[in-house]
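The values are calculated or read from the model by the stated rules, or taken from the named source; none is laboratory data. Being a predicted model, the structure only gives us computed values, none of them experimental. So basically every Cβ, Gly included, is an ideal-geometry build from the backbone, and we count neighbours across all protein chains shown. Remember, those area values only see protein heavy atoms, side chains included, never the ligands or the DNA or RNA. Shrake-Rupley method; radii C 1.70, N 1.55, O 1.52, S 1.80 Å.
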Amino acid sequence: MNLRSIIQRLVPLKSVRKWLDVRQEPAPIANGMSVDALHHILDAAAHGDLTDYFSLARDIVAGHSHCSSEFGKRKLAVLGDEMRVEACDDENPADVSVANAIRENLDELDELLDAQLHLLDATLYPVALLEKIYRPSTKPGWHYELAELRPVPHRLLDWTDGYLRIWDVDARGNRLSTKHDADPMRYVIGRLHVHAGLPDTWGGPMRAVVFWWLFSVMDRHWWARFLDRFGSPFMVAKYDDTDDAARAVLGQAFQTASKVFGLAVPKHVEIELEQAATAGAGDAFEKFHAVANAELSKVIVGQTMSSTAQNVGLGGGQATIQEAVRQDIRQFDGRRLGHVMRTQIFDSLCRLNGWQGRSPTVAWGGESAAELSAIGAVLPALKDAGVELTDDGIETLSGRLGLGLRRAAAVVQPGSEGLLGPPPIDDQEDQEITSFNELTLALERLNRAGDQQLVAETRKKIQARLAALSADAVVPALTRRSNAVRDACDAIAAGQAETLALAMIDSLSPVAGILRDSESLEDFEAKLRQRFPELPSRKAASIVEACLVSNAANATLNLRTAS
């Protein structure tokens with residue numbers, strides 16, 4: 001047996017089980033539920049048999065209007081947004097290629113949304129499983145592609161052996177007496193709820209739902225019986241206690257009253273209608289029913305205001321707080337679902353096809369409107385404070401917004417004055433070189449100066465800045481600006497070659513030799529004037545600044561390496 005045949009035996013190319021047969025679905029059990037029966041179901045689940053537990057959960061979600069609505073909201077909060085499959089690193093061609101391939105494969109799955117809905121059952125259920133089915137691929141660079149993600153019915157899950165196993169079924173969907181392990185190569189095993197430390201046999205967050213559901217439906221039944229018994233008025237007859245004939249007539253009349261909707265009695269007999277239930281007689285039932293539903297909403301969606309209108313008064317902040325809770329749950333569910341898809345679906349495709357790139361990430365939607373507004377207010381404030389986002393920060397912000405972002409090109413405004421802009425550069429204690437882009441902007445400003453006085457002032461500022469850089473490198477104990485200066489030196493050194501190349505093209509190429517032969521700043525300037533007598537002052541100042549800054553950065557790095 002060769003390696004290819006072994007791999008084909010291990011890769012699930014078809015489903016050997018017929019999962020869905022409605023005739024094999026367990027009968028509803030919620031209609032006869034009681035407190036004792038519920039405790040019996042939970043005890044059985046604790047010992048590994050969750051068949052009745054899953055049947056009850058199915059009945060609750062399908063038959064209880066409030067639970068069905070709230071559970072639907074939780075799923076739609078995630079899947080209502082467009083799914084984004086993004087490369088792990090946009091700068092890595094292998095990652096981008098893998099992301100494009102997987103995105104194409106997912107687009108071919110017609111029942112992908114149904115599979116994701118089934119996985120989101122695990123936000124309340126203890127676990128949810130999908131069966132992965134592959135097919136040989138004819139695409140270039142592919143060996144196998146995903147053909148189907150088939151939901152595994154909860155009724156076939158079993159823990160009586162102490163761990164998760166799946167009941168075998170025959171071709172007609174009948175459950176057999178044998179079981180098999182949940183192989184990660186064949187199955188996607190999703191546990192999306194927050195109680196990661198609880199055993200599956202405890203039932204997940206649905207355990208907190210079942211009792212409030214029972215209280216809710218029992219109260220509803222009691223309320224209906226109360227209204228049936230006391231909601232309608234009843235008749236009271238008054239007659240002479242010595243008149244036996246009248247009493248007999250009244251007894252017969254009351255018996256037939258419900259059929260003919262009337263009474264035939266002697267004239268001297270009085271009939272009155274009495275109302276047993278007052279206007280507030282059913283308030284207790286209504287309040288308890290509202291409490292039960294509110295507790296169900298807290299368990300399922302984390303808040304109550306999306307299902308019941310509440311008067312919180314003028315300026316009340318409960319709506320904002322509860323919306324924040326809803327957004328936290330939505331984002332967490334999306335992250336958990338995306339993690340399951342990446343680690344159990346995408347990673348499998350990468351391994352089967354031998355791809356070198358990393359699995360892509362999955363996300364749904366972005367931040368809420370309130371959070372987007374808050375972010376929009378923070379960004380201008382950061383810019384005014386002289387702080388800018390790093391490349392990692394832009395990537396994080398892009399994920400939160402759900403939009404692709406990139407850094408805009410720097411724009412130099414005409415008429416800018418000074419080397420590095422306000423505040424004045426003379427205050428060396430407060431000034432720091434933060435990036436090589438800052439020096440580039442300074443060069444452009446200097447080129448537009450045009451007078452000798454500004455060139456002379458600039459030369460002094462350059463010398464002071466270079467001295468500060470050297471001092472920071474020679475005396476590491478001076479930490480007042482060490483981190484920023486070191487980062488700036490590294491950036492300058494990395495970009496100095498490109499800067500000098502731009503400065504020394506064509507007729508200025510001898511500048512490099514002049515710089516090597518010069519013994520001091522004054523010697524360099526004198527030789528530069530002698531070699532290029534027609535060179536404008538501002539151009540000469542620009543060349544001097546670029547050379548000195550670049551070489552000072554190299555000297556700084558050499559000193560740091562030597563120390």
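Restricting the first member to the stretch 84-113 and to residues that are assigned by the TED database to the domain that holds LEU146, and the second to residues that are part of a strand (DSSP E or B) and acidic (Asp, Glu), the beta-carbon pairs closer than 8 Å and six or more apart or on different chains are ALA99/GLU86; ASN105/GLU145; GLU108/GLU145; LEU109/GLU148; GLU111/GLU148. Checked against (1) assigned to a loop (DSSP other than H, G, I, E, B); (2) modelled with pLDDT of 95 or more; (3) of a type outside the set (S, T, N, Q), HIS40 passes all but condition (1). In this structure, PHE234 does satisfy being open to solvent by 50 Å² or more (accessible area, probe 1.4 Å), in contact with a strand residue (DSSP E or B) (Cβ under 7 Å, 6 or more places away or on another chain) and at pLDDT below 90. Per the listing VAL61, VAL35, the residue uniquely surrounded by 15 or more Cβ atoms within 10 Å (Cβ to Cβ), at pLDDT below 95 and of a type outside the set (D, E, K, R) is VAL61.
For every residue, the table says whether it meets (1) modelled with pLDDT under 75; (2) open to solvent by less than 60 Å² (accessible area, probe 1.4 Å).
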residue: MET341; (1), (2): no, yes
residue: LEU352; (1), (2): no, yes
residue: SER359; (1), (2): no, yes
residue: TRP364; (1), (2): no, yes
residue: ILE375; (1), (2): yes, yes
residue: VAL412; (1), (2): yes, yes
residue: GLY421; (1), (2): yes, yes
residue: PRO424; (1), (2): yes, no
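Scanning the stretch 173-197 for residues that are more than 15 Å from ASP158 (Cα to Cα) and free of Cβ contacts under 8 Å to residues at least 24 places away in the same chain yields HIS195, ALA196, GLY197.
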